[in-house]
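A.B. asks: Next up is a structure, given as structure tokens.
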Amino acid sequence: MTTDAAISIQKLNKSYQESGQQHAVFNDLQLDVKRGEFIVLLGRSGSGKSTFLNLLSGIDPPDSGKVIINNIDITGLSEHDRTLFRRHHIGFVFQSYNLIPTLTVAENLLLPLELIKRVSRKDHDHVEELLAKLKLSDRLDSYPDRLSGGEQQRVAIARALIHDPDVILADEPTGNLDLDTAEQVLELLDILVRKAGKTMIMATHSQEVIGKADRVLSIHNKTLQLR
Amino acid sequence: MSAILKRSSRNFLWQHPWQLALAILGIALGVAVVIAIDLAMESSLKSFNQASQAMSGTATHRIIASDGGLDEKLYTGLRVERGIANLAPIVTGYVKLVQPGEDNFKLIGIDPFIEKSLHAGWQNGQSESFSRDLLTRLLSEPNSVLLSEKTAQQLHLQINDQFKVITDQGAQQLKLIGLFSVNDAVAEQISAKLIITDIATAQEVLGLFGRLSSIDIVIEPDDPGTLAAIQQSLPGSALLVSIDSQAESMREMTRAFAINLKALGLLSLLVGMFLIYNTMTFLVMQRRRLIGSLRLLGVTRQQIFKLVIGEALLLALIGTVVGILLGIALGQGLLYLISGTINAIYFRIDAATLMITPLQIGKGVLLGISATLLAVLPPAYEATQLSAVKVLARSQLELGSRRLIKTVGLISMLLIIGGLVTAWFSGQSITLGLASIFLILFGFGLLTPAITLLFTKLFERVFGLFLGILGRLPARMVAAEISRTGIAIAALMIAVSATIGMDLMIGSFRQTVAQWVHASLPADLYVSILGDKMTAEKALSDHQLKNEIAKLAGVQMLSSALHTKLIADDQLTKISVFELNEASKQGFIFKHQVADDLWARFDNQQSIIVTEPYAYHHAVKIGQKIRLKTDQGEQAFEVIAIYADYSGDQGHLAMSRQNYQRYWPDLGYSGIGVYAKAGTDLKQLESRINQLMTTQQTVKSNQDIYKASMEVFEQTFTITETLRWLSAAIAFVGVFSALMALQFERTRQLGILRAIGITSRQLTVLIISETGLMGLIAGLLAIPVGFIVAYVLIFVVYQRSFGWTMAFYFDAGVLYQGVALAFIAALLAGIFPAMKMAQTHPAEALRTE
Amino acid sequence: MKIKFLIYGLLVALLLVIGWQFFMPPNAKVEDVTSPTAKQKNESFSTVLSNENEGFARALSPREFSFPSDHGPHNDFRSEWWYFTGNLKDRQGRQFGYELTFFRFATKAGAPDSKSVWRSNQTYMAHLTLTDVQGNHFYTDERFSRAGNDLAGASDKKYQVWLYDWSAKTQGETDFSLRLQAKSHDFAIDLLLTSPKSFVLQGDRGLSQKSREPGNASYYYSYPRLTTEGTVSVAGKQFSITGTSWMDREWSTSALSSEQSGWDWFALQLSDNTELMFYRLRRKDGQADSNSAGSLVLADNAKVALKDNDVTIKILDSWTSPHSKITYPSRWRLAVPSQGLEVEVDPLLGDQELNVSYRYWEGAVSVKGTKNGQPISGQGYVELAGYQ
């Protein structure tokens, strides 16, 4: 099945087993996201935002239903293939940055590249370029924990974009940041992602983002609703 | 401390059962090995002491003699002429039961009519009527014997049943006329292989006519007159010793052996301590947030400290109890090994039983708990330093530990230098020699994190060059958590270097002994003559045998040796009495240049040669005189040479047969060397000699003796090998537990890697590469350290413990094996955590923290 | 809660592990305190004297005595003894009594054939007592040994009998003087015995019938008066003494019959240089035993044989041993009407009970009375055997 949509979610069901009881998170969830679309996902803590993103990236498999990204049904893939799919097509931005602490800033950016190809001199230049753009040129060889939260999140954004994925998934990217920094990070995401024409789904409860989004959805009654 | 506070930490503990179990295992194994060695060693000695005490009973002193035994008239002289009371004449020997099991029993011949105040241990608890009637029967009925109730039961013997035993005199029929009961477990064990009979029966059955094995004596402490009177009447072949001093000298004899064993036990505990440290650090690290929150709530540093120490104590208690139980079980196993070794090289222990004393258990408890507390102090302190406000990032902690590593580097250099200096100046002290090894090992252990950092840099460069960032990651991960990985590597390194060191030492020793055994077997065939040297006919029949062998066709010449004991410095001292020919003189390896007239002097002058261990232990130098007790008073023998001998660690003397026969009675031979004419069929000659011999005599080719000797050598190192593998096993558990903890701590980081597209297979490779790298570093480091350990063992500890010098034989195989051992152990230890991590769902991994 | 229980459980386990040692029966040697009962001691005594006698020689008829060989052992007979008792005094008049006896028992008939000198069918036992009248103390000791390896024995070449360092040995070519030497832990004797009076053969020319059955008899001779001098030591103090001893030599295979329970034996040395020996056999049924007999040795060594009904003995007192709880007679009026003799025999000490392997009472006595109306005094020894 081919669709125009960058992401197509069909009849997605997901539930958790908790203390012996089946606990449904999503019921027959449907969503189509257009290429280049920026979707903001609102919802209270524990409403299933992270689960939704994990389902999209293939980290978590659904109980039933389909997740089609770039015409590939990732729910039909093995765990191994889902991982390979993820390394090519998905960029992740987490609330707590989640940089690899044992790698330098530059290495953190190079790692996704290395996973998909032989890294060349050009790639190194590309990394430096990108970091320059993020005003992090002097932090190239620093380890993540020497950086401030804002700086770390900027690196994380760069890491999400460096290997040119189709979809960026951002899970509360500003959740750990103060207002000003959050503003800067959002700005950056908006510019970089939009400019590159990437599709982005951002889970957040920050109201400021809403204005920048193409669509704002919220999880309600185990399914998505337009706001 | 509030119950809630405790619960907050306990709940956490329960959530990590694996770590908990491993920590307990660490304490348990460490304590178990130490306790087991202690128990087995002490029990062996105590069994010996109690066995001799059960024989001596209330005796305070004993007259003993060399192999010839005591003249029974000595006893009459003491009793009748000197009027000395409280003497017990004893004739002992070993007999073999024909049925069932062919067990060796000790036959003890007593005089039932001596004073009641002097009774043997087995006589305790027997009623007077038992003593009167049975002992009278024992005296009047030839070949009547007593057994313990239990032994009779085991042998299915009823009173008045007959049973057969084999002795030097052939088969003998004995009649069970009575049973004695024993009232405690020790006596029961001792009496299990005991046959009590009258002294006349003992002489008849064993063929020891005219001789006594020993005379037990009770001398009141306030009675030096009796002591002096006895001393005066003793002939040159007899020696009066106090029972206590005899026990003491047995202990002294095995002291070096015991210390070496205990050092191995401590090594295990040291590695076990690492396990405890590791687990407690993990538990503290994992709870940074929890502890931070508690601090925020107003929990004081002291409370946090108490909390951690309290947990450690709980673990220590469980671990120690498990360790003690394990140690008792292990001790049972080690007991056979240890008493076997003592049997082989020191003295005969008839029945070793594991004897557990509260003192030893207490020692184990103390050791387990204090080792745990020591190991837990650093993490407990660390826990108190956790700030209430900001939870320190892991890397910042690591930064702190990196600074620490530099300081530690300095300390470790001091330790190593201190160790080498100690080794150099340890003098005669074995303890100091072993302490130096511990210092060196500990020093290098502390240095390991620093060296590991250097190694990881190197590996990172090399692998990064070919494999990019992913290739750099293993080395990075090792370096990043150096406070954990460094100590795991250090523990592995210590275990492996101890292994390498001991392997090199044993190898060198083996090589040295092999060369020595080879050199000292110049004859073609060796006849060994067993049998009790006390029996009067032995010397005669030995001479007869020698004459007959000499007459055989194909025999060119003979040599002979008699291994017996003489009294030097009021101590029974082993001596070999040689009758040498030109060929057999080549069998001596002298530790110095010898003059051409050495053998002439050996044969014709009142001279003696001594073995290297004897010279070492008694600080004997060439030219010195050794005074030996003879029936004609003391005689001085000049030491004219020192020669290599690895047959025992106490050393012995050697003199020519001419010299010996001038002063001491003929006891026949212990062995005869047969030199065949060129071209003689040795197999044929062997069978011809065989035809001349009785059951007590055997003939073996020099090859067979060589093989048998090397087997004995291997056997004596069984215990060392066993203990070494035990400590290696503990090290493995330690590394395993460390890696488990490490991987668990990085669950989230691994989750991110998975999230950004690293496959689970890549993750497995990554983790195994990391652990393999750790193993490799440990292995590489262990090579030089192992070398130093071997060096100290060979040239300091063994030489001082046992008086042996040996050449250092380098065996590259040992090094490869060492590195491989470390590498494979670490690799194996990494497999389980790697698989566990790879299987962990990234979604869940991301959720942690 | 669970954890608390676990900790307590472990603590208890730990305590048990440490504590089980303490609750175990102690390894320490328990001294053998089970001393034989009175019954055992007394039974042993009579069994020794009436046992299976297969292969042993019997005392059936009078024999020729020949010395010194008859001072030596008669190994064909089951039992034999050399009995020395005496009353001694130091210069200050301090009184002592002593007994040194060597017993020989054959455990089996026939000398064994063995290359071991320890193999012997002859067993010796010796008793040594010293009665310290002033110190009110009775010292005893005993020894056992086989004859093997020259640990004990007797010679038929000259008078010599010994057990370890206790001995009675002639001091020259003649049988007397005889030196007795024996020391125990806290007392000792060293005496020289000379013989102013010769020996006397008891019974019928030395055959002393003990019960009706033929062979239940011993060969028995006595030296009733031996002048004694030497030293005795008590508790570290030595006393030079003089006095008079009595020696009995007796060997037999069986003596008592099964109805007999024991005897009271009197050996009295009277001030008129005569000596009285009398043994009164007791029957288990309490009746008098007609085999009781004795002799009176006159100053000129002539012997007057005494039959059962020649002597009357009246028990005047009794003494109960605090050690064995056995009651012994303890003062007697002994009369030999045919000789006009009537004396009272009084123990120097009540407690002269030998609590050794074979229990009996043997003690020094003083004698006072009249002979033919004239006052007479004396001393002697009394043996009370077989009391229960």
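A.B. asks: Under 8 Å by Cβ, and 6 or more places apart or on different chains, what pairs join a residue from region C:237-251 that is closer than 18 Å to C:SER66 by Cβ and in contact (Cβ under 8 Å) with a residue 60 or more places away in the chain with one that is in a strand (DSSP E or B) and polar (S, T, N, Q)?
C.D. replies: C:MET247/C:SER222; C:ARG249/C:SER222; C:GLU250/C:SER208; C:GLU250/C:SER218; C:TRP251/C:SER79; C:TRP251/C:SER218
A.B. asks: Could you identify the single residue in B:ILE672, B:ILE705, B:ILE689 that is in a helix (DSSP H, G or I) and at pLDDT 90 or above?
C.D. replies: None of the other options fit; the residue is B:ILE689.
A.B. asks: Okay, moving on. Kindly list the number of the only condition in (1) more than 30 Å from C:ASP90 (Cβ to Cβ); (2) within 13 Å of chain B (Cβ to nearest Cβ); (3) out of contact with any Asp or Glu (no Cβ under 9 Å at 6 or more places or on another chain) that fails for C:ASP190.
C.D. replies: The failed condition is (1).
A.B. asks: State yes or no: is B:GLY427 part of a loop (DSSP other than H, G, I, E, B) and surrounded by fewer than 23 Cβ atoms within 10 Å (Cβ to Cβ)?
C.D. replies: The answer is yes for B:GLY427.
A.B. asks: Related question: Being under 29 Å from A:VAL25 (Cα atoms), modelled with pLDDT of 80 or more, touching a helix residue (DSSP H, G or I) at 6+ places or on another chain (Cβ under 6 Å) and crowded, with 22+ Cβ neighbours inside 10 Å narrows it down to one residue among A:ALA170, A:ALA203; which is it?
C.D. replies: Testing whether each residue is under 29 Å from A:VAL25 (Cα atoms), modelled with pLDDT of 80 or more, touching a helix residue (DSSP H, G or I) at 6+ places or on another chain (Cβ under 6 Å) and crowded, with 22+ Cβ neighbours inside 10 Å leaves just A:ALA203.
A.B. asks: I would also like to ask the following. So, in region C:180-208, exactly how many residues are within 20 Å of C:GLN238 (Cβ to Cβ), free of Cβ contacts under 8 Å to residues at least 40 places away in the same chain and not hydrophobic (A, V, I, L, M, F, W, C)?
C.D. replies: Number of matching residues: 1.
A.B. asks: State which residue is surrounded by the fewest Cβ atoms within 10 Å (Cβ to Cβ) when the search covers only region B:733-766 and only residues that are among the small types (Gly, Ala, Ser), in a helix (DSSP H, G or I) and within 12 Å of chain A (Cβ to nearest Cβ).
C.D. replies: Ranking the qualifying residues of region B:733-766, first place goes to B:SER760.
A.B. asks: Further, regarding this structure: Tell me the residue from C:ASP156, C:ASP204, C:ASP190, C:ASP113 that is surrounded by fewer than 18 Cβ atoms within 10 Å (Cβ to Cβ), modelled with pLDDT of 95 or more and on the phi < 0 side of the Ramachandran plot, please.
C.D. replies: None of the others qualify; the one that does is C:ASP190.
This table checks each residue for (1) at pLDDT below 85; (2) hydroxyl-bearing (Ser, Thr, Tyr); (3) touching an Asp or Glu at 6+ places or on another chain (Cβ under 8 Å).
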{"residue": "B:ARG301", "(1), (2), (3)": "yes, no, no"}
{"residue": "B:LEU317", "(1), (2), (3)": "no, no, no"}
{"residue": "B:VAL322", "(1), (2), (3)": "no, no, no"}
{"residue": "B:LEU326", "(1), (2), (3)": "no, no, no"}
{"residue": "B:SER339", "(1), (2), (3)": "yes, yes, no"}
{"residue": "B:ALA344", "(1), (2), (3)": "yes, no, no"}
{"residue": "B:ILE349", "(1), (2), (3)": "yes, no, no"}
{"residue": "B:LEU354", "(1), (2), (3)": "yes, no, no"}
{"residue": "B:LEU367", "(1), (2), (3)": "yes, no, no"}
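A.B. asks: Another question, then. Out of the residues in region B:82-113 that are free of Cβ contacts under 8 Å to residues at least 60 places away in the same chain and at the interface with chain C (Cβ under 8 Å from one of its Cβ atoms), state the one that is farthest from the chain's Cα centre (by Cα).
C.D. replies: B:GLY83
A.B. asks: Further, regarding this structure: So if I check each of B:ALA678, B:ALA654, which one is part of a strand (DSSP E or B) and small (Gly, Ala, Ser)?
C.D. replies: B:ALA654 is the lone residue from the list that is part of a strand (DSSP E or B) and small (Gly, Ala, Ser).
A.B. asks: Provide a single number: the residues in region B:292-324 that are within 15 Å of B:LEU366 (Cα to Cα) and either touching a residue at least 40 places away in the same chain (Cβ under 8 Å) or not assigned by TED's automatic domain parsing to the domain that holds B:LEU269 (or both).
C.D. replies: Total satisfying the criteria: 11.
Quick grid of which residues meet (1) out of contact with any strand residue (DSSP E or B) (no Cβ under 8 Å at 6 or more places or on another chain); (2) facing chain B (nearest Cβ under 8 Å):
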residue	(1), (2)
A:LYS66	no, no
A:ILE74	no, no
A:GLU79	yes, yes
A:ARG82	yes, no
A:HIS89	no, no
A:GLN95	no, no
A:VAL105	yes, no
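A.B. asks: A follow-up question, please. Does at least one position in region B:462-474 carry a residue that is surrounded by fewer than 19 Cβ atoms within 10 Å (Cβ to Cβ), more than 30 Å from B:ARG255 (Cβ to Cβ) and more than 14 Å from chain A (Cβ to nearest Cβ)?
C.D. replies: Yes: region B:462-474 contains one or more residues that are surrounded by fewer than 19 Cβ atoms within 10 Å (Cβ to Cβ), more than 30 Å from B:ARG255 (Cβ to Cβ) and more than 14 Å from chain A (Cβ to nearest Cβ).
A.B. asks: Of these, B:GLY623, B:GLY651, which one is touching a Pro at 6+ places or on another chain (Cβ under 8 Å) and in contact (Cβ under 8 Å) with a residue 12 or more places away in the chain?
C.D. replies: The match here is B:GLY651.
A.B. asks: Taking B:ILE84, is it farther than 30 Å from B:HIS563 by Cβ and at pLDDT 85 or above?
C.D. replies: yes
A.B. asks: Oh, and also: Do any strands (runs of 3 or more DSSP E) lying entirely in region C:170-281 carry at least 2 residues that are of a type in the set (S, T, N, Q), and which ones are they?
C.D. replies: The qualifying strands (runs of 3 or more DSSP E) are C:207-209, C:217-234, C:237-252, C:260-270.
A.B. asks: Checking B:LYS406 against (1) within 30 Å of B:GLY813 (Cβ to Cβ); (2) surrounded by fewer than 17 Cβ atoms within 10 Å (Cβ to Cβ); (3) touching a helix residue (DSSP H, G or I) at 6+ places or on another chain (Cβ under 8 Å), which test does it fail?
C.D. replies: All conditions pass for B:LYS406, except number (1).
A.B. asks: I would also like to ask the following. Listed residues B:ALA51, B:ALA28; which is modelled with pLDDT of 85 or more, assigned to a helix (DSSP H, G or I), more than 27 Å from B:GLY225 (Cα to Cα) and among the small types (Gly, Ala, Ser)?
C.D. replies: B:ALA28
Yes/no matrix, rows are residues, columns are (1) over 12 Å from A:THR223 (Cβ atoms); (2) assigned to a loop (DSSP other than H, G, I, E, B); (3) aliphatic (A, V, I, L, M):
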| position | (1), (2), (3) |
| --- | --- |
| A:SER8 | yes, no, no |
| A:LEU12 | no, no, yes |
| A:TYR16 | yes, no, no |
| A:HIS23 | yes, no, no |
| A:GLN30 | no, no, no |
| A:GLY36 | yes, yes, no |
| A:LEU41 | yes, no, yes |
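A.B. asks: Ok, one more. Just name the residue that is surrounded by the fewest Cβ atoms within 10 Å (Cβ to Cβ) out of those in region C:161-177 that are farther than 20 Å from C:SER357 by Cβ and in contact (Cβ under 8 Å) with a residue 60 or more places away in the chain.
C.D. replies: Only one residue tops the list, namely C:ASP175.
A.B. asks: B:ARG62 passes all but one of (1) in contact with a Leu (Cβ under 6 Å, 6 or more places away or on another chain); (2) away from chain C (no Cβ under 12 Å); (3) more than 23 Å from B:GLN696 (Cβ to Cβ); which number fails?
C.D. replies: Every condition holds for B:ARG62 apart from (1).
The values are calculated or read from the model by the stated rules, or taken from the named source; none is laboratory data. Owing to the predicted nature of the structure, the values given are computational and were not obtained by experimental measurement. Here Cβ is always computed from backbone atoms with ideal geometry, including for glycine, and neighbour counts include all displayed protein chains.
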